[in-house]
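Input: a single structure, listed below in structure tokens.
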Amino acid sequence: MAINQEFIGRTYPPTEVYSVGREKIREFANALGERASCYFDVESARALGYPDLVAPPTFAITFTMQAAGQVIHDPELGLDYTRVVHGEQRFVQQRPIFAGDEITSTVSVDSIRSAAGNDMITVKAQVHATDGELVSTVYTLLVSRGVGEAS
């Protein structure tokens, strides 16, 4: 089943507020093997001019992936998730994410295209602070592998 091209531009409701916690930042930095003190020690982060612990640049994936589920699991899209592989991830930061931030994510279908028998869907997640400030934009490329020719 082909992906529904009419979904390009479709925007889903914002997620519930996600509270960025210090321990989540520390856990994420540890998982990445990061050792910079601004990810672990509040005083070190403040000495660098940050208001609190700063999250690694890719931290937004921890909550935007769940938000992208609104697109992935929308039955009208026509996506067979059993055939999906992750193609690419891109982060555009307007500012770092800090411990204490209260944020929401709004996802939309940025593009849909076909190549070599595969459908490629780019999902865009815009991350906003609860005051409306745009914090980050995360682009996820999903590749829905085509069905091979019968032999």
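The values are calculated or read from the model by the stated rules, or taken from the named source; none is laboratory data. The structure presented is a predicted model; accordingly, all values stated were derived computationally and were not measured. Cβ placement follows ideal geometry from the backbone for every residue including glycine, while neighbour counts extend to all protein chains displayed.
Quick look at the numbers
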read-out	value
Residue 88 touching a residue at least 24 places away in the same chain (Cβ under 8 Å) and more than 14 Å from residue 129 (Cβ to Cβ)	yes
Any chance residue 114 is in a strand (DSSP E or B) and either modelled with pLDDT of 95 or more or in contact with a Leu (Cβ under 7 Å, 6 or more places away or on another chain) (or both)	no
Qualifying positions in region 78-109 - over 30 Å from residue 53 (Cβ atoms) and buried (at least 17 other Cβ atoms within 10 Å of the Cβ)	79, 109
Verdict on residue 28 being at pLDDT 95 or above, in contact with a Pro (Cβ under 9 Å, 6 or more places away or on another chain) and either on the phi > 0 side of the Ramachandran plot or not in a helix (DSSP H, G or I) (or both)	no
Of residues in region 5-42 being touching a residue at least 40 places away in the same chain (Cβ under 8 Å) and among the hydroxyl-bearing types (Ser, Thr, Tyr), the one nearest to residue 63 (Cα to Cα)	18
Of the criteria (1) of a type in the set (Val, Ile, Thr); (2) surrounded by 15 or more Cβ atoms within 10 Å (Cβ to Cβ); (3) at pLDDT 95 or above, which one residue 130 fails	(2)
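Yes/no matrix, rows are residues, columns are (1) among the β-branched types (Val, Ile, Thr); (2) touching a residue at least 24 places away in the same chain (Cβ under 8 Å):
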| position | (1), (2) |
| --- | --- |
| 49 | no, no |
| 63 | no, yes |
| 72 | yes, yes |
| 77 | no, yes |
| 101 | no, yes |
| 117 | no, yes |
| 122 | yes, no |
| 136 | no, yes |
| 143 | yes, yes |
